[in-house]
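Structure, as structure tokens:
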Amino acid sequence: MHWIDGIVQGVLLGGLYAQYALGMALMFGVMKIVNVTHGDLVVLLALIGISLANVAGLGPWAVLATLVPIGAALGWLLQRALLNRVVGNDPLPSLIATFGLSIALQNAMLVIWSADTRSLSGGGIQQASISLGPIFVGVLPLIVLICATLLTGGLDLTMRRTRFGRSLRAASADVEAAAMVGVNPRNVYAAATAIAVGILGFAATFQAMRSTVAPADGPFQLIFAFEAVIIGGLGSIWGAFAGAMILGISQAIGFRISPGFGILAGHLVFLAVLAIRPQGIFQRRA
Amino acid sequence: MTPLLSTHGLIAGYGDMRALHGIDLTVNSGETVALIGANGAGKSTLLRAIMGLLPVAPEMIRLDGQPVGGRAPHRMVREGLAIVPEGRRLFTGMSVEENLRVASEHAAKPVAEPWTLERVFALFPILREKARTPVENLSGGQQQMVSIGRGLLAQPRILLCDEISLGLAPKVVREIYAALPEITANGTALVLVEQDVGLAQRASHRLYCLLEGRVTLHGTSGEISRDAISAAYFGASHALD
Ligand SMILES: Nc1ncnc2c1ncn2[C@@H]1O[C@H](COP(=O)(O)OP(=O)(O)O)[C@@H](O)[C@H]1O
Ligand SMILES: [Mg+2]
């Protein structure tokens, strides 16, 4: 039971990581951009959400409903104002630009919110759990997992079945050729980043509910997203989801072995995948 | 009469390297214009510059007499230009139908008789059978048909074709060239870059020969002599200019 419980808790944790990883997989898949601000944007959105809850008295679901469009708007702006200028075959300019922005964001958040850790009240939902036979499952992690699954499925369907998704995949395959058939790459890129950061609205709300956030937390969230994406295979949507599950399970089982070993176990699995199968466990999907 | 497309002293290149040194070219509605010249003469550069893929000054390219040079490629599509690029440049990982749909979903305002997936499949029946096949699994000829179909679904008034016969078996080349009259039937103009000079001459109304980024010969395809072409092609007369 010990191990089955570990796996169940790992899958639930993976749900949160999937919400981090989706946007990163999307941005890498379409633009070959590794957005270093990814984790900082989670923290920024979470802090905005907590402030909204405190100042305007919003409940957690109202916070979620507000953070998603705010995230989408931030993503659009980020792409238009910065990333469209540095996107290209060479991944280095975007890496440097987002690295610089990451530091600036962290400092700005420190000024606005101070270094305190904060969290978002879920109105008791954090403590609720249901029992599946002998295993207790938290209601909040279950909701997170369901949201992650729906987001992944929705994004995958969007990529495969919609006009917008086709234009994204075309731009990802050959952006110049996409422009030659009438796709405006700047719009497509801005929409991709808007979706990526919009999804972080979910991640931010749930992270703030289940744990705490502080302005300097971003790099940790970034690492988890990054590891999930690498494990799953760069740029693949369901691969990122599966990578997040593997990361979550590795951490949960590691934690069962020894509480201090949890995070490290995740890193070790990540390194093992990188060494044995650098293209990721799942081939890139079309 | 204002030509559909014209270039005026068109200069373009890559960084400091100038590949085109002042090209004047006109294309009229419904006309097929061939562009020949040795490797490296600047044919692809010319098509790319017209399509908006290389920076040029506004006055250097005119559509219906209006300056449009330097606009982004997706805006050129809206103006009625489309290109079948060198190397086909299909969207790998996507099916034949998806490749075609990306084009039809971002097309210019349809011309009189708009191109539809149905019409493209009628033009190249093999593509209907392969509609769900990822494009990377097609033969070279089939890929070229997808690339042409994609160009057509942009609903162009002018279709720029860069070496559509390159690397294809003679039978496939005939098949593709047999489709061209159907394309021009509704008034769409064609600019054909073609290595096979005989084929270029037969398939076009007028012909331009490029050498080292300059036009060394142009005229009515049926009236130009072989000697004149080979002189323009290899540069014998170029030295006398
Ligand atoms: N991407 C590029 N970067 C730099 N130079 C290029 C590039 N593409 C073509 N050239 C140069 O421009 C000139 C014209 O090339 P191109 O237009 O491809 O000729 P063609 O299509 O007639 O064979 C050549 O000297 C070629 O080396
Ligand atoms: Mg060429």
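Once the mean 1/r over all distinct Cα pairs of chain B is inverted, what Kirkwood radius in angstroms do you read off?
Numbers: mean 1/r = 0.0554 Å⁻¹.
After inverting the mean inverse Cα-Cα distance, the result is 18.1 Å.
Once the Cα atoms of helix A:38-56 and of chain A are each reduced to a long axis, what angle between those two axes, in degrees from 0 to 90 to the nearest 10, is obtained?
Relative to chain A, helix A:38-56 is tipped by roughly 60 degrees.
Could you work out which residue, out of A:ARG161, A:ARG118, A:ARG80, moves most in a Gaussian network model of chain A, that is, has the largest mean-square fluctuation with Cα springs under 10 Å?
Answer for the Gaussian network model of chain A: A:ARG161.
What is the Rg over Rh value, at two decimals, for the range B:37-121, using alpha-carbon atoms and the Kirkwood definition of Rh? Intermediate values should be presented prior to the final figure.
Working: Rg = 14.7 Å, Rh = 14.6 Å.
Here Rg/Rh amounts to 1.01.
Please sort through the DSSP H helices of chain B and keep those with an alpha-carbon extent of at least 18 Å along the long axis and a Kyte-Doolittle average not below -0.5.
Details: long enough: B:140-153 (20 Å, 0.06).
Those that clear 18 Å and a mean of -0.5 are B:140-153.
What whole-number distance in Å separates the alpha-carbon centres of the range A:49-75 and the range B:134-188?
52 Å
Run the numbers on the range B:66-87: which residues show a drop of 50 Å² or more in accessible area, chain on its own versus all protein chains together, using a 1.4 Å probe over heavy atoms?
B:HIS74
Sort out for me the Cα centre separation of the range A:126-161 from the range A:187-242, rounded to whole Å.
Comparing the Cα centres of the range A:126-161 and the range A:187-242, I get a distance of 16 Å.
Determine the share of the range B:5-239's accessible area contributed by carbon and sulfur atoms, expressed in whole percent, with a 1.4 angstrom probe. Display every interim value, and only then the final one.
Details: 4780 of 9400 Å².
Exposed carbon and sulfur together represent 51 percent of the surface.
With a 1.4 Å probe and every protein chain left in place, work out the accessible area per residue of the protein assembly as shown in Å², rounded to a whole number. Walk me through the numbers on the way to the answer.
Details: 21550 Å² over 527 residues.
Heavy-atom SASA per residue in the protein assembly as shown reads 41 Å².
Determine the principal axes of the Cα atoms in the range A:2-276, then give the extent along each, sorted from largest to smallest and rounded to whole angstroms.
So the extents along the principal axes, rounded to whole Å, are 59, 47, 32.
Just to be sure I follow: if Rg is taken over the C-alpha atoms of the range B:88-154 and Rh is the Kirkwood radius over the same atoms, what is Rg/Rh? Don't jump to the answer; show the numbers that get you there.
On the way: Rg = 10.9 Å, Rh = 11.6 Å.
On the Cα set of the range B:88-154, Rg over Rh gives 0.94.
Cα axis of helix A:60-78 to longest principal axis of chain A: angle in degrees, 0 to 90, nearest 10?
30 degrees
Highest first, please rank the peptides A:183-192, B:16-25, A:24-33 by the mean number of other Cβ atoms sitting within 10 Å of their residues.
Details: A:183-192: 20.8, B:16-25: 15.7, A:24-33: 25.6.
Ranking the peptides A:183-192, B:16-25, A:24-33 by packing returns A:24-33, A:183-192, B:16-25.
Tell me which of A:ASN187, A:ILE276, A:ILE230 sits at the most positive position along the dipole axis of the range A:2-276, charges placed on C-beta atoms (Lys, Arg +1; Asp, Glu -1).
A:ASN187
Among the residues of the range A:137-166, which ones have their accessible area go down by 40 Å² or more when all the protein chains sit together, as opposed to their chain alone (1.4 Å probe)?
Buried-area filter returns A:ARG163, A:ARG166.
Summed for both chains, how many Å² of accessible area, to the nearest 100, are buried between B and A with a 1.4 Å probe? Please list the in-between numbers first.
Values: alone 10930 and 12510 Å², together 21550 Å².
In total, this chain pair buries about 1900 Å².
Report, for the protein assembly as shown, the % of DSSP beta bridges that are antiparallel, rounded to 5. Please report the intermediate quantities before stating the final value.
Working: 25 of 43 bridges.
The antiparallel proportion sits near 60 percent.
What is the mean number of Cβ atoms from other protein chains located within 10 Å of the Cβ atom of each residue in peptide A:183-191, rounded to a whole number? Can you show the working numbers first?
Numbers: counts 7, 7, 3, 2, 1, 1, 0, 0, 0.
Counting Cβ atoms of other protein chains within 10 Å of each residue's Cβ and averaging gives 2.
Return the Cα extents of the range A:132-286 along principal axes one, two and three, sorted largest first, each rounded to a whole Å.
56, 37, 35
Would you mind telling me the antiparallel percentage of the DSSP bridges in chain B, rounded to 5?
On the way: 20 of 38 bridges.
In chain B, DSSP labels about 55 percent of beta bridges as antiparallel.
How long is the range B:161-241 along each principal axis, judged by its Cα atoms, biggest number first, in Å?
Reported extents, whole Å, longest axis first: 41, 28, 22.
Over the range B:116-217, what lengths in whole Å, largest first, do the semi-axes of the equivalent ellipsoid take, defined as the square roots of 5 times the eigenvalues of the alpha-carbon gyration tensor?
Working: eigenvalues 125, 51, 29 Å².
One finds semi-axes of 25, 16, 12 Å for the range B:116-217.
Measure off, as a whole percent, the carbon and sulfur share of the 1.4 Å-probe accessible area of chain A, all protein chains present.
Working: 8090 of 11520 Å².
Carbon plus sulfur share of accessible area: 70 percent.
Just to confirm a number: summing +1 for Lys and Arg and -1 for Asp and Glu over residues other than B:ARG48 whose beta-carbon lies under 9 angstrom from that of B:ARG48, what do you get? If you can, show how the numbers build up before the last one.
On the way: positive: none; negative: B:GLU86, B:ASP162.
Net charge in that neighbourhood comes out at -2.
Over the protein assembly as shown, one equal point on each Cα, no solvent: what is log10 I(q)/I(0) by the Debye formula at q = 0.12 Å⁻¹?
Ignoring solvent entirely, the Cα scatterers give -1.04.
If you fit an axis through the alpha-carbon atoms of helix A:185-210 and take the longest principal axis of the Cα set of chain A, what angle between them do you get, 0 to 90°, nearest 10?
For A:185-210 against chain A, the angle is about 10 degrees.
The values are calculated or read from the model by the stated rules, or taken from the named source; none is laboratory data. Being a predicted model, the structure only gives us computed values, none of them experimental. All Cβ positions, even for glycine, are placed from backbone atoms using ideal geometry, and neighbour counts span all protein chains on display. Calculation scope for accessible area: heavy atoms of the full protein, side chains included, ligands and nucleic acids excluded. Shrake-Rupley method; radii C 1.70, N 1.55, O 1.52, S 1.80 Å.
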